[in-house]
Every structure is written in C-alpha cells, then in structure tokens.
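The values are calculated or read from the model by the stated rules, or taken from the named source; none is laboratory data. All values reported here derive from a predicted model rather than from experimental measurement. Using ideal geometry, Cβ is built from the backbone for each residue, glycine included, and neighbour counts are taken over all protein chains shown. Just the protein is used for accessible areas: all its heavy atoms, side chains included, with ligands, DNA and RNA removed. Shrake-Rupley method; radii C 1.70, N 1.55, O 1.52, S 1.80 Å.
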Amino acid sequence: MLWKLPNGDQAIYVKLINLITTGIEKGELLPGDRLPVERDLAKKLKINRSTIQRAFSELVSRGILIRKLGSGTWINSGKWGVLTQGINWKRYMTTSRLGDPENFTTRLRKLQKQPDVINLSYSSISIPDLPLTFPSMTVNDLIVQENADAISGTIDLKQQLIMQLEPFLKQEISLSQILITSGAQQAFYLITQGLLSYGDAIAVESPSYFYQLSLFQAAGIRVFGVPLKEDGSLELAVLQQLYYKHHLRFLFVNPTGQNPTTCSMSLMERKKLVECCRQLNLPIVEDDSLGLSNAITKQRVSPLKRLDPSNVLYVGSLSSLSGTGTRIGWLIAPPAIVERLAEIRQQMESGISVLSQSVATQLLQQPQLSRLVQAQLHNLEKQKKHLLKALEPLVMQKVVSYKLPTYGSNIWLQLNVGRKVTSADYNLFLDHKLLVLPDFLFGVQSNHVRLSFTHISAANELELEKRFKSVMDEFV
C-alpha cells in the first residue's frame, strides 16, 4: 500500500478516508490487515495525528475499520456494523463484504452439482407424499381469484395457521394479523423495506445465520452481534450497550434450535430477554422456523411471542414440514404493520402465488398431519444417528466435539485442532468433497462447522467417516 494522499481540494481527513477505502477496493488493503500506528502514519503523510484519528474514527463508525484495545486499528474482516456508502457494484460483489473472504460459498455451490459429494451444507426435509386436489379452472379464473384474495394472503391458509398456532402461542390471532410471505426471508426483507431506514442499526445473535443475509446490507442496515452463550442465552449487558451506543431499532433472534449452534434458550432466559427488551423499548423479530412443527407435535416450547405478544414480530415457515420448495412463510404482527408491508410488496409486484398457498392449505388440512410430522422427526433421528456414528471415532480421539441438538437437523461441530482455524483452512473440506458450512459464514471464527444431517444414510456413513478423518488428519 502506497501511503500518499490524493490531490484535490477536499479536507485532509477526507483524503485519508478516500485513500483507505480505495486501497480496500483495489485489494491493496485486505480484510484483517493492520493499519500503521497513528504516530508513524502522521509522520509519513506529514499531517497532524488528530487528523489521522478523525479519519480512523469515521471509518470505525462505518464499520470499515475496527479498533482492538492494545493492538491497533485493523481492516474489518467481517461485516459487523458495516454501513454501505451507496451502491458500488464492484465493492458490493467482493466476497469479504458478504462475509466470505475465501470465496468458499461459490466453490461449494459448484461442488453441489457433482454426484460424488457428501452434502452436509443444507437441510432438505422430505415433502410428504400426499394426494392434493385442485379445482378445474382457466387462466382467467386464476387471475380473478388472485385479484379477489387479500394482498396479505389467502383467507383459507390464514385460517389453517390460526388453528395450529393459536394454542401454541396461547393468544388469539386475527386474519388481519397475518401476512403470508414467500418464505421467511421475504418477511425479513419486507421488515427492512417498511420498518427500517438507511443507516438504522439492528442486533442479531453472534454467531447467526442472519449474518449471512445480504439483504440487510443491501438496504443500508448496520448489523451488530450480541454474543450467544453456550446455553443459548444472549449477553444482555452487551445488548444494552449496543442499544445505547448505536440506537438499535430491532433485535432479530432465533431462540429455538438456533441456527447454526442448535441451542435453545431456556424459559428463564427467554423471560429475561423479553423483560430487557421491554425496558429498552426494543422490538423483537423472532424467527421460529421450527414453530409450526413444534405446534403440531405439541412440544413444550414457549416462543417469545407467547411471552410478549405486543413487542414481538413472529416469523414462521412451512420449511420444517415440507422443505424449502414450497416457499411459504408468515409474519404475525399488528394489523397496521401487516397492511403496510403487504402494500409495499404489492408495489414491488412481488406477490405470492395462489397455487403455492393452496398447496400449503391442503397440507395443513390433512387429518393425519400430526402422524406425518412424527414420522418425519423419527426419520431425522435415524439420519442423525448415521452422522454421529460416522463422527464417533474422531469424538473418541477428542479431535471433534459437539452437543446434541434438541431441535432441528443440524449439529454445530467443534474442531479441536489446537490452533486457530483460518477461513482458507476450511477449503480442506471442499477438497475432499465434503460440503459443510464454516463458522466465519455466521460471523465468528471459533473452530466450528455446521453439519446438516438430512442427506446422511447408512449407505454413505462409512464414506463420510473416511473423508472426515482425512480432513482432520490434514488439519492436525
């Protein structure tokens, strides 16, 4: 990096800001690089140290730089707290901006198409093989029906959700409180578009799959991480500090079967979290991807929405029942918010198909639905046992360790290799055609990978054991 201020009539601190941001765009300054000491840089550039401090402080506030006490100033290697500065497409497409400095996910997606890979990178719940019936209708009939239905979703589907979720949430739900979405992510997207503004700050768990979602940065939302404890609870003192420092607008949280750690927050900790947010007047967006499955099987889980109906926006999905292919989700919120977000979606011409909603409605109407869900959970248990058996030799050698998940289809596996695993190291898994999701994709670097076991069977159990052992031998 050539430390020379650009020409121009701008203030000196602005020139320094431009020098650093340009260096990042050109790749002359890389994520994780340490900047020169302020005193040395001031001498090199022949400017006041206070000017250096002003420029650095501005870049820290944008999330581009981070300060480490006693260690100096560094280029942010993640995207915690980053605020976008307008659309710069070259910069937007850089992998470090999306938390993937080694382009890991691009390589992973290419490998997914190969027949000899073992894919532990995503869950795919099998869709029940149920007979569905559709009324005979013409294209015009379909258009008329879509125009007749509320822009927030079909009444039939909403009624089915109310039947399942009212006993689970222990509160009355009206049709006007439900917004049907094209999957849970559309609900999050609509929240960013309708309830947040450019520059607003939100908090999410750290680690969290929310960290992966580029929709927040695309909307100019700053994302800050609240450390997640081993028991699934949040560091509430850190949440309070972030609230007052950055004026948080929302907390996005996934308290049941948290992704990626699989932790589930205890009832006591849920009550503490709800009370903390109530005192801060901080609204909660609860992602309960397993909520419908837990409701149908009558699991003893208390969603945050049950504990504080007025302060929690509740997001759910059909994916735990029928996989991601149906693309049906929902948001339970005050009627005014549902109406506003539905209108925003309508203006974007990104409505949701009547056919998809009809499939979801018929699925929820099945009289044997509870039995089908129980069968799915039983099958997941068998798949989990195949994964655990493949990992058993490494567990016995204490090379890897994990805690059994209570809910969901993932395991958060710790790699006990005696050193810090870098982002580049995780490419070893891909080299052996073993597809996993590393920790840095979720905003942390803690020697963990997330493994999904829905693609594991007795047929590939031994091969999985062999490949995992080869990877860990190379790590050590």
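Numbers below:
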{"item": "ASP9-GLN397 pseudo-label distance in nm [points 7 Å out on the Cα-to-Cβ vector]", "result": "6.8 nm"}
{"item": "Derived scalar couplings ³J(HN,Hα) [region 305-314; Karplus, 6.51 cos²θ - 1.76 cosθ + 1.60; whole Hz; x for Gly, Pro]", "result": "4, 5, 6, 8, x, 7, 9, 10, 8, 10"}
{"item": "Distant alpha-carbon pairs in the chain (separation over 29 angstrom), percent", "result": "55 percent"}
{"item": "Whichever aspartates and glutamates have a C-alpha closer than 20 Å to that of LYS4, once near sequence neighbours (fewer than 8 apart) are set aside", "result": "GLU25, GLU28, ASP33, GLU38, ASP40, GLU58"}
{"item": "Cα-Cα over 27 Å, subset of LYS229/LYS469; LYS170/LYS271; LYS170/LYS385; LYS382/LYS403; LYS245/LYS403; LYS44/LYS79", "result": "LYS229/LYS469; LYS170/LYS385; LYS245/LYS403; LYS44/LYS79"}
{"item": "Modelled FRET efficiency - R0 25 Å, LEU355 with LYS113, Cβ distances, 0.05 increments", "result": "0.35"}
{"item": "Residues with amide H under 5 Å from that of LEU65, placed H, sequence gap 5 or more", "result": "VAL60, ASN76"}
{"item": "Protein accessible area in region 300-377, 1.4 Å probe - carbon and sulfur %", "result": "50 percent"}
{"item": "Label-to-label distance, nm, for residues given as ASN311 and GLN347 (7 Å Cα→Cβ offset)", "result": "3.0 nm"}
{"item": "Counted charge near GLY316, where neighbours are those whose Cβ lies closer than 11 Å (Asp, Glu -1; Lys, Arg +1)", "result": "-2"}
{"item": "FRET efficiency, 1/(1 + (r/R0)^6) with R0 30 Å, evaluated for LEU404 and GLN374 via beta carbons", "result": "0.95"}
{"item": "³J(HN,Hα) computed for each position of region 229-239 - Karplus, 6.51 cos²θ - 1.76 cosθ + 1.60, integer Hz, glycine/proline x", "result": "6, 5, 8, x, 8, 9, 6, 5, 5, 5, 4"}
{"item": "Karplus-derived 3J(HN,Hα), 6.51/-1.76/1.60, for each residue of region 201-212, Hz, glycine and proline x", "result": "10, 10, 10, 9, 5, 10, x, 6, 5, 4, 4, 6"}
{"item": "Within the chain, percent of DSSP bridges classed antiparallel, to nearest 5", "result": "55 percent"}
{"item": "Expected 222 nm ellipticity per residue - DSSP helices of 4 or more, -39500 (n - 2.57), all of the chain, to 500", "result": "-12500 deg cm²/dmol"}
{"item": "Label-point separation, ALA336 to SER197 (7 Å along Cα→Cβ), nm", "result": "1.7 nm"}
{"item": "Candidate aspartates and glutamates for bridging to LYS420, where Cα separation is under 13 Å - those fewer than 8 sequence places away on the same chain excluded", "result": "ASP439"}
{"item": "Cβ-derived FRET efficiency at R0 22 Å, GLN171 paired with GLU230, nearest 0.05", "result": "0.10"}
{"item": "Per residue accessible area of the chain, 1.4 Å probe, in Å²", "result": "47 Å²"}
